[in-house]
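Trainee: The following block contains the structure, expressed as structure tokens.
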Amino acid sequence: MPTFDESFSSIEQTLGERFGRPESIAEGSFDSFATAIAVILGQSIDAKKVAKGLEALAEAGLLEPQPLTEADPAEIVDAFKAFGVSLPARVLGPVRRMAAWVVSRQASAHALDPLRDESISTGALREELRGLAGIGPATADEILLLAGQRGVYPVDRATYRILVRHGWLDPTAEYEEARSVMERPGHDDPETLHRLSDGFARVGREFCKPSVAKCGRCPLQPFLPEGGALEPDAF
Ligand code: SF4
């Protein structure tokens, strides 16, 4: 069975041919802060609502760290409502904490754009983001990749399932082990990892579902081990 390293370039090419460019909202003309907010919103609401939410915040003058930090929670919720989006309570906290973190970083390190400030290491940023309640490892890494344009791979459940079913990752592996599988030397530029992350997410949604692996029509079918997809007890 080919290793993940041996298959990496072919997988990248296959996903690119099947899905084209990433459809992520973060590809648009948003700055790093707006992109980070979009990533957090995207954990709980669909892409169309994320776009509406960003529009709502911009219209209310809240798509900036300082105003968003100072805004009353009800004001933020109402801004979303005015654009027909109900903001889940579990997202409101992380959104406000993200804004407060940027404000505090700007004040303490004079870093206008801390996520893209090359004087701050990716590891240091990862630790700080993970320290914000409501922002887990995958969300922190997605913020680093999409908003910070750093070469990190956010390991979502779809990536985990695909790696395990293909025998490229042990089912008992922790998050960091899965991340190290995806961040291969020579293939760790943000653009490549963004394309790969988007492609794996789409495979996970359309074919490699938690309950069933629809391998027959999946673009990653040629990369299966002999005997087909491996199925651990549960995902
Ligand atoms: S070929 Fe099967 S196991 Fe592999 S990603 Fe597609 S659905 Fe999942």
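Trainee: For the full complex of protein chains and a 1.4 angstrom probe, list Lys214, Lys48 by accessible area with the highest value first. Spell out each step's value before the answer.
Mentor: Working: Lys214 105, Lys48 170 Å².
Sorted by accessible area, descending: Lys48, Lys214.
Trainee: Would you grab the residues whose amide H sits under 5 Å from the one on Gly167? Only those 5+ places off in sequence or on another chain, please, with H modelled 1.01 Å from N.
Mentor: Leu230
Trainee: List the lysines whose Cα sits under 27 Å from the Cα of Lys49, skipping any in the same chain fewer than 8 residues away.
Mentor: List returned: Lys81, Lys209.
Trainee: Rank these residues by their accessible area, most exposed first, probe 1.4 Å: His194, His110.
Mentor: Highest to lowest solvent-accessible surface, that is His110, His194.
Trainee: Under a point spin-label approximation (7 Å from Cα along Cα-to-Cβ), what is the Val212-His110 distance to one decimal in nm?
Mentor: 6.1 nm
Trainee: If you count only protein heavy atoms and use a 1.4 Å probe, how large is the accessible surface of Glu70, to the nearest 10 Å²?
Mentor: Surface accessible to solvent at Glu70 totals approximately 130 Å².
Trainee: A follow-up question, please. Relative to the present Cα-Cα distance, how much length would full extension add between Ala58 and Lys81 at 0.36 nm per residue of separation? Mind dumping the intermediate values first?
Mentor: On the way: separation 23, 0.36 × 23 = 8.28 nm, distance 1.35 nm.
So the chain would gain 6.9 nm between Ala58 and Lys81.
Trainee: Another question about this same structure. Want the number for Ala89 to Asp188: 0.36 nm per residue separation, take away the alpha-carbon distance, what's left?
Mentor: Roughly 32.2 nm would be gained on extension.
Trainee: If each DSSP helix of 4+ residues adds -39,500 (n - 2.57) and the sum is divided by the residues in the chain, what number results at 222 nm, nearest 500 deg cm²/dmol? Kindly include the intermediate steps, with their values, before the conclusion.
Mentor: Numbers: 11 runs with 125 residues, N = 235.
Taking each H run of at least 4 residues, the total per residue is -16500 deg cm²/dmol.
Trainee: If I build a Gaussian network model for the chain, linking alpha-carbon pairs within less than 10 angstrom, which residue out of Ser180, Ser211, Ser86 has the largest mean-square fluctuation?
Mentor: Judging by the Gaussian network model, the answer is Ser211.
Trainee: Now a separate question. Can you bin the range 1-154 into rounded, prolate or oblate? Criterion: square roots of the alpha carbon gyration tensor eigenvalues sorted a ≥ b ≥ c, rounded for a/c under 1.5, prolate for a/b above b/c, oblate for the rest.
Mentor: Details: a/c = 2.21, a/b = 1.42, b/c = 1.56.
Oblate, because a/c is 1.5 or more while a/b does not exceed b/c.
Trainee: Please get the size of the charge dipole for the chain, origin at its Cα centre, with Cβ charges of +1 on Lys and Arg and -1 on Asp and Glu, quoted in debye to the nearest 20.
Mentor: Values: 25 positive and 36 negative charges, 152 e Å.
Computed about the Cα centre, the dipole is about 740 debye.
The values are calculated or read from the model by the stated rules, or taken from the named source; none is laboratory data. Source: prediction; values computed, not measured. In this analysis, Cβ positions are derived from the backbone assuming ideal geometry, glycine residues included, and neighbour counts consider all displayed protein chains. These accessible areas exclude ligands, DNA and RNA; they are computed on the full protein's heavy atoms, side chains included. Shrake-Rupley method; radii C 1.70, N 1.55, O 1.52, S 1.80 Å.
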